[in-house]
Amino acid sequence: MNSLESYLFISSMLFCLGLFGVITRRNAIAVLMGVELILNAANINFVAFSKFNGMNLDGHIFALLVIVLAAAEAAVALAIIINIYNNMNTVNIDDVSELKR
Amino acid sequence: MIENPMILFPLLILFLPLLSFVIVIFFGKNLPRQGDWVAVGSIVATFLLACYLFLQMLLNYDPDFSHGASFSWINLGEFKIDLGILVDNLTIVMLLIVTLVSSCTHIFSIAYMKGDIRYNRYFAYLGLFTFSMNGIVLADNLISMYMSWELVGVSSYLLIGHWFEKDSAANASKKAFLTNRVGDIGFFIGIMLLYSAVGAFAFSPIFESIAGGQAIAGTTLTIAGLGIFMGAVGKSSQFPLHIWLPDAMEGPTPVSALMHAATMVAAGVYMCVRLFPIFTPSALIVIAYIGAITAILAALIAVSQNDIKKVLAYSTVSQLGFMILAVGTGVYTAAFFHLLTHAMFKANLFYCSGSVIHSMHHALHKAHDHDTDPQDMRNMGGFKDKMPITYFSMLVSTLAIAGVPLFSGFLSKDAILAGTLSFAQHHPGHFLLPLFGFLAAALTAFYMFRLIFMTFHGKPNIKSIMKDIHESPKEMTGPIVLLGSLSFFIFYTLPKNFNPMKDKGWFTDLIVPRNSAVPGSLTANEIANYAHHAHYLAMGLSLVVASLGILLAYLIYQRKVISAKNISKRFGFFYDWSLNKFYFDENYNRYLYQPFLRLAHTISWLDWEFYDKYFINGFGRLTKLLSTISGKFDYSGIDQGFVDGFGRASNTVGKLLRNVQTGRLQNYLLFVVAGILVIIIAQAF
Amino acid sequence: MADIVFWIISALTVMSAAFVVLNNQLVYSAVALLFTLFGTAGLYVFLWADFIAGIQILVYVGGILVLVIFGIMLTNKIKSVRISHKSMQQGVGGVVIFWFFIFLFLALTKAPWAVTEAIEPVGTVRGIGILLLTDYLLPFEIISVLLLGALIGAAVLSRGDS
């Protein structure tokens, strides 16, 4: 069953799992992994729409850009997480609520 | 921009001195030479502009020349005030007088005021005065004339009180200002009477509606005219408000020359000339009598004064009386003619006296004599050879004021006396007017030559200072020579007439009398005809009285054939009155000021003892009680319940809502997703 | 045959993603993520996106996943292989996300997709390359500047206080 809907079904499942991860995980790195899942879901959508719209490759470019963004995001996010860990000795984002006090 | 030079130049003449005032008063201390060059430069520039206007006037040679421009200043529907300027021959001649004397005064002052502690302020005030005087001259309506009128009063106050460290100067400035205020109240009442009747402030609509005879006539118009004349009484120092002018001599002598001889005191006469058409015959009679009384009274006082400036001051009052008398008898162009000639020779006389005083002052200073009065003529005598320029110039002006042919004063005084005489010929009941006039003319000749003989002739009375008496510097002799030469008749009869006995010339051609706007008055032609008939009689009489006065002065003070002491003893009572200025100040003090002060004290006592203590303080106590009650209500009721209640309510709600803000990122994200869900559901169903 | 392989790969991807999210042990999650990424790459192959599939493996598996594991190692005092972490608000979150998924599913099934059929290209690299240097030149340059910025930013951030 190689249709558009099947790809969209898989990507939406990935998206929801990623969102669930982002919402529920305490560890910042686990949250980051959830974000990667969401980005992957989006990428699958891009490439799927690209294929089922006459193979026009624009979606591929966007997927490529998203991958680059994900790489940059991961690098910066990990740097921030390491900084937080150095300063506060934790990576639990619910412990990092200095602004609320 | 204004293209017409006949409008633009008068505006420049008006505002250049104001500019110089602003610059010199604010930045004068920081400018080189304390900024006197700014003041002198601007005033000379205005003089040149006035000369241009004057030349234009001579080239046009049109008696009906008139230009005007105005703008709307206040516009409140029905109530409108337009400000504007009116330029005609009268204005141009007056502008020339003001700027000429003002320029001379500025130049004279450079030397006279050298080293004064408030040098820049002095020049600034001169600029202010010139501005306001030009404002009076150029005004085309009563409001702007009144404003400038008051500004002139202010600058006069400031300049008389220039040396305010001296009590006498401070008091004199106060006296001048307050006495002027008395007249100005009348002026204002007159303006308001005219406005309420006519509904306009500008001259021409007022004249038109008076000529119409509907809006205002009869007694009301007489009262309005007399009210306006009261302003002139104050400013031109007429009886009974003449008391301030002699005291105003406390100011610097150039100021006396500019303001209290040539221009400011002439403002009253100028105003009467400008507004002549509004005066009813009965108002004119009052004006004539006030002028005549002033002329004779001041002349009588001047005879016995010993202070050189006091003599000149009373002489000014007397001459102003002549002018007012001329206005009252209808020959108002003669009044303006006398204003013109008088401005020249009287300013010059003051400059000369200033020169003498300056010289005396220095000589006394060198002799370390600080008690002798440098203004007392009894300390002078024999200055003729030491100060030749001053002497000759002063002699020329004295001949002019005495009414000797060949000099300007003869022409103008003759015109006035002729008008007065013809008036009495047609109204025999008023024979006192020419009598006072000729008597005052004789006395004028007498006391002026008394001044000359006592100051310049005879033997020196204080020999020790004679070696230090010397001619004044060029800044002072320059104006003296200029104004002295302007006392010759020739400058007023050019270009057609070279006969010193006839006053026909540019002045009489260009400044022609107009008919009074009041219905039923004599026309200008009739007045001129009558005066013409009386001309030769008046000329002969005035020649006789002038020579009598001069002869008497010569006999008493030069040849000492008749002893002044004997005369004063014989007329002891009269001499005493004259010397003490007819006790005007004393009587005013006793019958006006003291009762007023007592009244004021009584009212003040009443005010404090009863009104303040019971009424005002009672109110205070009542208010305090009320506010205490209201405060209680305010605090426990409104503050605690209402205002604080609001605060508490928001506090509680805030605390509740605060729980929503968990500070956990993922809670927020969950809310976001839930929110999206809600939106989707809302969209779907 | 291809369908069976597709479904196997899909099932692998989704199940390993669920493992990533639900597992308490971070290192296990990271390993599960590896499978998800590989699965996604497989899906790309089914979508005729050979270049993207290659990049997916190179960048995600070779770069990002390694970075994530580094992060895990650097931010935990490692006493054992089991680096566990509790999750939070799983009940509420699960319900909300479930309904969210339901709506997404409804949307993708109900929507009238306009599908244009196409033949399989020989390779996408040439086309992507041409597009990158013509139509998408500006985004390409911008994304390279972004990468540089992220590089410098990450270096500055993680350098510490000195």
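For (1) in contact (Cβ under 8 Å) with a residue 12 or more places away in the chain; (2) farther than 14 Å from residue B:265 by Cβ; (3) not aromatic (Phe, Trp, Tyr), each residue gets a yes or a no:
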residue	(1), (2), (3)
B:339	yes, no, yes
B:345	yes, yes, no
B:363	yes, yes, yes
B:370	no, yes, yes
Selection within region C:119-139 - over 13 Å from residue A:58 (Cβ atoms) and either over 23 Å from the mean Cα position of the chain (by Cα) or assigned to a helix (DSSP H, G or I) (or both): C:119, C:120, C:121, C:122, C:125, C:126, C:129, C:133, C:137, C:138
Filtered residues of region C:110-139 (kept if of a type outside the set (S, T, N, Q) and touching a Phe, Trp or Tyr at 6+ places or on another chain (Cβ under 7 Å)): C:115, C:120, C:121, C:125, C:128, C:132
Residue, nearest to residue B:373 (Cα to Cα), within region B:270-297, restricted to residues that are surrounded by fewer than 24 Cβ atoms within 10 Å (Cβ to Cβ) and among the small types (Gly, Ala, Ser): B:283
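Yes/no per residue for (1) closer than 22 Å to residue C:111 by Cα; (2) part of a helix (DSSP H, G or I):
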{"site": "A:46", "(1), (2)": "yes, yes"}
{"site": "A:64", "(1), (2)": "no, yes"}
{"site": "A:67", "(1), (2)": "no, yes"}
{"site": "A:70", "(1), (2)": "no, yes"}
{"site": "A:75", "(1), (2)": "no, yes"}
{"site": "A:79", "(1), (2)": "no, yes"}
{"site": "A:86", "(1), (2)": "no, yes"}
{"site": "A:90", "(1), (2)": "no, no"}
{"site": "A:95", "(1), (2)": "no, no"}
Tabulated pairs, region B:9-29, first closer than 22 Å to residue B:136 by Cβ and touching a residue at least 60 places away in the same chain (Cβ under 8 Å), second of a type in the set (Phe, Trp, Tyr) and buried (at least 16 other Cβ atoms within 10 Å of the Cβ), C-beta under 6 angstrom, 6+ apart or interchain: B:17/B:131; B:18/B:131; B:24/B:123
Single match in B:411, B:443, B:395, B:349 (criterion: over 21 Å from residue B:476 (Cα atoms), in a helix (DSSP H, G or I) and modelled with pLDDT of 85 or more): B:443
Residue match in region B:185-192 (condition: small (Gly, Ala, Ser) and either more than 22 Å from residue B:327 (Cβ to Cβ) or without any contact (Cβ under 8 Å) to a residue 24 or more places away in the chain (or both)): no
Breaking point among (1) under 22 Å from residue B:446 (Cα atoms); (2) modelled with pLDDT of 85 or more, for residue B:270: (1)
Single residue of C:8, C:52, C:69 found to be in contact with a Phe, Trp or Tyr (Cβ under 7 Å, 6 or more places away or on another chain), of a type in the set (Val, Ile, Thr) and either at the interface with chain A (Cβ under 9 Å from one of its Cβ atoms) or surrounded by fewer than 19 Cβ atoms within 10 Å (Cβ to Cβ) (or both): C:52
When residues of region C:89-144 are limited to those that are within 10 Å of another protein chain (Cβ to nearest Cβ) and of a type in the set (Asp, Glu), the one surrounded by the most Cβ atoms within 10 Å (Cβ to Cβ): C:135
Long-range neighbours under 8 Å by Cβ, at least six apart or interchain, first residue at positive phi within region C:56-72, second buried (at least 19 other Cβ atoms within 10 Å of the Cβ): none
Residues (small (Gly, Ala, Ser), within 14 Å of residue B:412 (Cα to Cα) and surrounded by fewer than 24 Cβ atoms within 10 Å (Cβ to Cβ)) located in region B:298-345: none
Conditions (1) closer than 29 Å to residue B:277 by Cα; (2) assigned to a helix (DSSP H, G or I); (3) among the basic types (Lys, Arg); number of the one not met by residue B:502: (2)
Considering residues of region C:24-36 that are more than 9 Å from every other protein chain (Cβ to nearest Cβ) and of a type in the set (S, T, N, Q) only, the residue farthest from residue A:13 (Cα to Cα): C:25
Scope region B:558-576; condition free of Cβ contacts under 8 Å to residues at least 24 places away in the same chain and of a type outside the set (Lys, Arg); matching residues: B:561, B:562, B:563, B:564, B:566, B:567, B:571, B:572, B:573, B:574, B:576
Residues being surrounded by fewer than 21 Cβ atoms within 10 Å (Cβ to Cβ), of a type outside the set (Val, Ile, Thr) and under 18 Å from residue C:132 (Cβ atoms) - total across region A:63-79: 4
Residue list for region B:130-159, filter: crowded, with 22+ Cβ neighbours inside 10 Å and polar (S, T, N, Q): B:130, B:132, B:134, B:141, B:144, B:155, B:156
Total residues in region B:673-685, condition more than 7 Å from chain A (Cβ to nearest Cβ) and surrounded by 13 or more Cβ atoms within 10 Å (Cβ to Cβ): 4
Residues of region B:222-243 classified as surrounded by fewer than 24 Cβ atoms within 10 Å (Cβ to Cβ), in a helix (DSSP H, G or I) and hydrophobic (A, V, I, L, M, F, W, C), total: 3
Residue in region B:620-628 that is of a type outside the set (D, E, K, R), over 60 Å from the mean Cα position of the chain (by Cα), assigned to a helix (DSSP H, G or I) and surrounded by 11 or more Cβ atoms within 10 Å (Cβ to Cβ) present: no
Candidate set from region A:1-39 (those that are surrounded by fewer than 23 Cβ atoms within 10 Å (Cβ to Cβ) and among the hydroxyl-bearing types (Ser, Thr, Tyr)); member that is nearest to the other protein chains (Cβ to nearest Cβ): A:12
Region A:54-98, residues that are within 25 Å of residue C:126 (Cα to Cα) and more than 7 Å from every other protein chain (Cβ to nearest Cβ): A:56, A:58, A:59, A:62, A:66, A:69
Test: residue B:328 is over 23 Å from residue B:101 (Cβ atoms) and under 21 Å from the mean Cα position of the chain (by Cα): yes
Residue in region C:148-161 that is at pLDDT below 85, more than 19 Å from the chain's Cα centre (by Cα) and more than 7 Å from chain A (Cβ to nearest Cβ) present: yes
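The values are calculated or read from the model by the stated rules, or taken from the named source; none is laboratory data. What you see is a predicted model; the values in this text were computed from it and never measured. Quick reminder, even Gly has a Cβ in these numbers, built from the backbone with ideal geometry, and neighbours come from all protein chains shown.
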